[in-house]
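**Student:** Take this structure first; my questions come after.
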Amino acid sequence: MALTTWLAPPLSPRKATIGSLQGFVLLLVNEQRSLFRWGPKFLLVSGVPAMATPDSLALFTGLGLSENKARETLKNEALSTQLREAATQAHQILGSTIDKATGVLLYDLVSRLRDTRRRSFLVSYIANKKIHTGLQLSAALEYVRSHPQDPIDTKDFEQECGVGVVVTPEQIEEAVESTINKHQLQLLAERYRFNMGLLMGEARAALRWADGKMIKNEVDMQVLHLLGPKMEADLVKKPKVAKARLEETDRKTAKDVVEKGEVAGQTLSLMEQLRGEALKFHKPGENYKTPGYVITPYTMDLLKQHLEITGGQVRTRFPPEPNGILHIGHAKAINFNFGYAKANNGICFLRFDDTNPEKEEAKFFTAIYDMVTWLGYTPYKVTYASDYFDQLYAWAVELIHGGLAYVCHQRVEELKGHNPLPSPWRDRPKEESLLLFEAMRKGKFAEGEATLRMKLVMEDGKMDPVAYRVKYTPHHRTGDKWCIYPTYDYTHCLCDSIEHITHSLCTKEFQARRSSYFWLCNALKVYCPVQWEYGRLNLHYAVVSKRKILQLVAAGAVRDWDDPRLFTLTALRRRGFPPEAINHFCARVGVTVAQTTMEPHLLEACVRDVLNDTAPRAMAVLEPLQVVITNFPAPKPLDIRVPNFPADETKGFHQVPFASTVFIERSDFKEESEPGYKRLASGQPVGLRHTGYVIELQNIVRGSSGCVERLEVTCRRADAREKPKAFIHWVSQPLVCEIRLYERLFQHKNPEDPVEVPGGFLSDLNPASLQVVEGALVDCSVALAKPFDKFQFERLGYFSVDPDSHQGQIVFNRTVTLKEDPGKI
């Protein structure tokens with residue numbers, strides 16, 4: 001009898017020896033068809049694995065897959081096995097050839113189904129043509145995902161999946177006619193430029209189980225009957241509505257779009273983005289409805305206990321490692337974790353992942369907590385992974401007892417790389433591993449001599465991640481009680497379980513750890529939260545790696561973690577960035593799945609938006625030029641009332657002295673006027689802001705070097721004659737201060753890119769990233785300013801008081817420049 005596939009035309013006869021192949025199913029098709037042997041991993045033809053035979057390819061193409069798709073499927077051993085087994089069952093039910101429509105449904109089923117217990121149940125519905133459309137299959141998959149309990153209520157299942165529902169052509173005709181009548185006036189006005197997808201969608205909503213092609217054909221026919229054939233005008237594309245500028249849409253509510261590092265479109269508030277169903281997250285206790293969630297016989301009871309403990313409350317956590325300072329990317333994580341809990345009336349833990357005592361320092365714990373609260377969030381509770389060390393150790397012992405973990409002696413260097421050698425100790429007796437693990441805890445192994453590894457394969461193909469390793473560094477909280485410490489892969493999910501976290505939110509690079517997350521909770525039969533991944537937030541012209549920031553500090557390129565040229569949160573605070581601006585920036589970026597790398601000017605725009613409303617005005621002069629008013633109108637200085645916010649004088653005023661000697665910016669004077677120049681020059685007067693006076697040049701006094709040393713001017717009331725072309729800022733009887741002007745630290749967008757910067761990021765430093773202006777002058781209204789107080793220095797930018805300030809010497813950091821170029825005023 002020939003050995004070939006019943007899905008392809010008969011192939012040349014082949015002999016096969018069944019021998020001792022156990023676990024294979026013998027399928028006798030008919031005289032014209034062939035004998036197959038199906039195994040759990042390979043389809044064998046003449047003793048050759050199916051992945052190496054043309055028959056295997058014919059099998060999958062016969063199911064309706066393209067040749068490329070079939071080849072890709074054959075590369076996936078697990079998927080291939082599932083598909084063969086599904087096809088075997090379907091053939092047994094049919095007793096004849098599997099048609100391509102059924103084959104495609106079978107492929108969709110095995111590629112999308114996570115709970116393989118339900119495969120046989122669903123295959124029987126597909127083979128018997130009770131489920132015969134992709135729409136029904138999607139409904140079926142959703143049903144079994146949301147109903148993990150046994151047994152399945154078949155009556156309810158069939159009702160939810162449209163089994164037995166017949167939609168007649170007359171019903172389709174009536175539904176389409178009703179939809180077209182509803183939109184008839186707009187259709188007649190817009191004709192073929194009308195969105196026909198709207199008609200399709202509404203008709204399908206009315207007839208959930210109708211064939212989509214039949215609906216489309218009916219829509220096309222009825223539209224043609226109503227409008228007649230297309231005319232030349234119908235072929236003109238509908239003009240697109242231009243997108244409003246970002247500044248004009250900040251107050252509108254629509255979804256952010258991140259394109260090429262720019263934010264386009266409208267911005268939803270952070271709470272609107274995170275509230276309720278906005279992110280399509282599962283509801284507390286409905287973890288099993290999440291795609292990819294692993295369901296065990298214990299799942300439903302554990303979820304029931306979880307709900308009894310939490311009361312259905314949303315619980316999140318922000319779990320930083322206390323081995324460095326938080327940066328702008330962490331701001332997104334903080335906003336996401338704390339914001340999602342807040343938006344849904346939940347709670348958020350601040351949990352320090354303190355499992356590596358070698359790198360942890362007390363200052364990092366304090367700085368992280370300070371930054372979380374600075375951004376406006378209060379943790380429900382501050383916890384530490386070390387709080388749970390005893391329980392984590394007990395669970396590790398339980399894994400060994402269950403044969404799910406073992407002590408290994410491979411060195412760290414042997415475990416590195418994509419294809420490390422399998423451990424020769426993987427199958428050692430569990431009694432031996434128990435004794436060795438106890439010896440690890442008692443300090444009988446040197447660092448690197450032994451680890452505890454879990455028996456699983458992760459998404460990225462790495463085998464048996466390490467759960468515990470030996471470290472003799474005393475812990476900041478537990479002292480020298482432990483000399484073995486758990487790893488992130490082991491600790492993270494179990495701490496989430498202990499704290500009954502509902503939504504474990506983490507960045508995309510942790511997606512490869514999702515399998516170990518689910519596996520470990522289920523192996524220990526404890527509550528299993530759901531891990532959701534989102535994209536990291538990065539900025540151009542920046543590095544945020546702890547290691548690289550330390551290199552910058554060591555090289556003297558920056559002073560410390562809080563150098564205002566960095567994008568750590570402490571640096572941004574020192575530079576004067578308000579926390580509200582950072583939070584608003586995170587909201588503008590949105591909660592994206594893809595990693596986003598943004599331009600710094602977008603963050604700076606958010607800073608300006610906040611400071612424009614919160615930073616009171618003052619006047620400062622960076623390059624002073626003395627001006628003597630020879631006809632000053634009073635015998636003593638005048639007190640000038642200056643509004644704190646010129647656009648809203650209800651926010652108050654401050655007073656500054658106006659005397660016969662004032663100081664202006666040297667750049668606000670030219671000996672001879674030029675085309676387009678509007679400030680002080682010979683024959684060109686200029687106004688002094690807030691005084692109501694205009695000054696006019698009379699004499700230039702030069703020093704011994706020939707440089708302009710001071711100006712002598714006369715003044716008059718601004719309303720006495722024609723209004724001057726410009727008004728400039730000034731100071732009188734000022735305070736001397738130091739002002740630090742910051743620019744980008746790096747010259748290229750991607751300083752870590754070896755293609756863009758072959759010499760490495762340290763070779764890309766901008767020599768002009770910091771300019772210190774000593775001897776700058778500022779009006780006396782800021783005399784009592786404290787560190788981190790913020791001001792807008794008129795025509796110059798926004799500035800913040802630096803902590804380096806001391807009695808008699810205020811130091812200001814320029815936060816951002818103004819939108820306008822002062823040279824154009």
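**Student:** Just the residues that are open to solvent by 30 Å² or more (accessible area, probe 1.4 Å) and assigned to a strand (DSSP E or B), please, taken from the range 534-548. Can you show your working first?
**Tutor:** Let us first name the residues in the range 534-548 that are open to solvent by 30 Å² or more (accessible area, probe 1.4 Å), namely 536, 538, 541, 544-548.
If the condition is that a residue be open to solvent by 30 Å² or more (accessible area, probe 1.4 Å) and assigned to a strand (DSSP E or B), then Asn538 is the only one that fits.
**Student:** Hey, another quick one. Among the residues of the range 598-615, is any open to solvent by less than 10 Å² (accessible area, probe 1.4 Å) and assigned to a strand (DSSP E or B)?
**Tutor:** yes
**Student:** Follow-up question, since we're still on this one. What are the pairs, 6+ residues apart or on separate chains, where a residue within the range 666-692 that is closer than 16 Å to Val621 by Cα has its Cβ under 7 Å from a residue that is open to solvent by 60 Å² or more (accessible area, probe 1.4 Å) and assigned to a loop (DSSP other than H, G, I, E, B)?
**Tutor:** Short answer, once both residue conditions are applied: Arg666/Glu623; Ser667/Glu623.
**Student:** Please find, among Glu696, Glu672, the residue that is in a strand (DSSP E or B) and open to solvent by 30 Å² or more (accessible area, probe 1.4 Å).
**Tutor:** Glu696
**Student:** Considering only the range 271-375, give the helices (runs of 4 or more DSSP H) lying wholly within it that have at least 1 residues that are of a type in the set (S, T, N, Q) and touching a Phe, Trp or Tyr at 6+ places or on another chain (Cβ under 8 Å).
**Tutor:** Of the helices (runs of 4 or more DSSP H) lying wholly inside the range 271-375, those with at least 1 residues that are of a type in the set (S, T, N, Q) and touching a Phe, Trp or Tyr at 6+ places or on another chain (Cβ under 8 Å) span 299-310, 328-343.
**Student:** Within the range 455-485, count every residue that is under 25 Å from Asp427 (Cα atoms), acidic (Asp, Glu) and surrounded by fewer than 18 Cβ atoms within 10 Å (Cβ to Cβ).
**Tutor:** Number satisfying all stated conditions: 2.
**Student:** Considering Ala681, Ala618, which residue is in contact with a strand residue (DSSP E or B) (Cβ under 7 Å, 6 or more places away or on another chain), surrounded by 14 or more Cβ atoms within 10 Å (Cβ to Cβ), small (Gly, Ala, Ser) and modelled with pLDDT of 95 or more? Spell out the reasoning first.
**Tutor:** Numbers: Ala681 fails: modelled with pLDDT of 95 or more.
Ala618 is the lone residue from the list that is in contact with a strand residue (DSSP E or B) (Cβ under 7 Å, 6 or more places away or on another chain), surrounded by 14 or more Cβ atoms within 10 Å (Cβ to Cβ), small (Gly, Ala, Ser) and modelled with pLDDT of 95 or more.
**Student:** Looking at (1) of a type outside the set (A, V, I, L, M, F, W, C); (2) surrounded by 15 or more Cβ atoms within 10 Å (Cβ to Cβ); (3) farther than 30 Å from Ala555 by Cα, which is the one condition that is false for Asp719?
**Tutor:** It is condition (2) that Asp719 fails.
**Student:** Criterion first (assigned to a loop (DSSP other than H, G, I, E, B), touching a helix residue (DSSP H, G or I) at 6+ places or on another chain (Cβ under 9 Å), open to solvent by less than 40 Å² (accessible area, probe 1.4 Å) and under 25 Å from Ser732 (Cα atoms)) does Phe645 satisfy it? Talk me through it step by step, then tell me what you get.
**Tutor:** Numbers: assigned to a loop (DSSP other than H, G, I, E, B): yes; touching a helix residue (DSSP H, G or I) at 6+ places or on another chain (Cβ under 9 Å): yes; open to solvent by less than 40 Å² (accessible area, probe 1.4 Å): yes; under 25 Å from Ser732 (Cα atoms): yes.
It is true that Phe645 is assigned to a loop (DSSP other than H, G, I, E, B), touching a helix residue (DSSP H, G or I) at 6+ places or on another chain (Cβ under 9 Å), open to solvent by less than 40 Å² (accessible area, probe 1.4 Å) and under 25 Å from Ser732 (Cα atoms).
**Student:** Then there is this: Residues of the range 130-159 being outside any helix (DSSP H, G or I) and loosely packed, with under 13 Cβ neighbours inside 10 Å, which ones?
**Tutor:** Gln149, Asp150, Pro151, Asp153
**Student:** Yes or no: Arg740 farther than 30 Å from Gly676 by Cβ, open to solvent by less than 50 Å² (accessible area, probe 1.4 Å) and basic (Lys, Arg)?
**Tutor:** yes
**Student:** If you take the residues in the range 758-775 that are under 12 Å from Tyr541 (Cα atoms) and touching an Asp or Glu at 6+ places or on another chain (Cβ under 8 Å), which one is surrounded by the fewest Cβ atoms within 10 Å (Cβ to Cβ)?
**Tutor:** Asn766
**Student:** Here's something else I'd like to know. Those residues that are in contact with a helix residue (DSSP H, G or I) (Cβ under 8 Å, 6 or more places away or on another chain), open to solvent by 10 Å² or more (accessible area, probe 1.4 Å) and in contact (Cβ under 8 Å) with a residue 24 or more places away in the chain, I need them from the range 556-577; list them, please.
**Tutor:** Scanning the range 556-577 gives Ala557, Trp561, Asp562, Arg565, Phe567, Thr570, Arg573.
**Student:** Looking at this structure, is Arg689 open to solvent by 60 Å² or more (accessible area, probe 1.4 Å) and touching a Phe, Trp or Tyr at 6+ places or on another chain (Cβ under 6 Å)?
**Tutor:** yes
**Student:** Just name the residue that is farthest from Arg574 (Cα to Cα) out of those in the range 717-738 that are out of contact with any Leu (no Cβ under 6 Å at 6 or more places or on another chain) and assigned to a strand (DSSP E or B).
**Tutor:** So, considering only residues that are out of contact with any Leu (no Cβ under 6 Å at 6 or more places or on another chain) and assigned to a strand (DSSP E or B), the one farthest from Arg574 (Cα to Cα) is Arg717.
**Student:** Okay, next question. In the range 621-640, which residues are under 19 Å from Arg795 (Cβ atoms) and of a type in the set (D, E, K, R)?
**Tutor:** Passing the criteria: only Glu623.
**Student:** Suppose we filter Arg477, Arg469, Arg428 for residues that are of a type in the set (Lys, Arg) and in contact (Cβ under 8 Å) with a residue 24 or more places away in the chain; which single one remains?
**Tutor:** Details: Arg469 fails: in contact (Cβ under 8 Å) with a residue 24 or more places away in the chain; Arg428 fails: in contact (Cβ under 8 Å) with a residue 24 or more places away in the chain.
It is Arg477.
This table checks each residue for (1) within 30 Å of Val294 (Cβ to Cβ); (2) part of a strand (DSSP E or B).
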| residue | (1), (2) |
| --- | --- |
| Tyr468 | yes, yes |
| Arg477 | no, no |
| Leu494 | yes, no |
| Lys525 | yes, no |
| Trp532 | yes, yes |
| Leu550 | no, no |
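**Student:** Next question. Restricting to the range 751-806, count the residues that are assigned to a loop (DSSP other than H, G, I, E, B) and among the aliphatic types (A, V, I, L, M).
**Tutor:** 7
**Student:** Can you tell me which condition Gly402 does not meet? The list is (1) open to solvent by 50 Å² or more (accessible area, probe 1.4 Å); (2) in contact (Cβ under 8 Å) with a residue 40 or more places away in the chain; (3) under 18 Å from Thr491 (Cβ atoms), and all the others hold.
**Tutor:** (3)
The values are calculated or read from the model by the stated rules, or taken from the named source; none is laboratory data. In this text, all values refer to a predicted model and were calculated from it rather than measured experimentally. Here Cβ is always computed from backbone atoms with ideal geometry, including for glycine, and neighbour counts include all displayed protein chains. Surface areas here come from the heavy atoms of the whole protein model, side chains and all, with no ligands, DNA or RNA. Shrake-Rupley method; radii C 1.70, N 1.55, O 1.52, S 1.80 Å.
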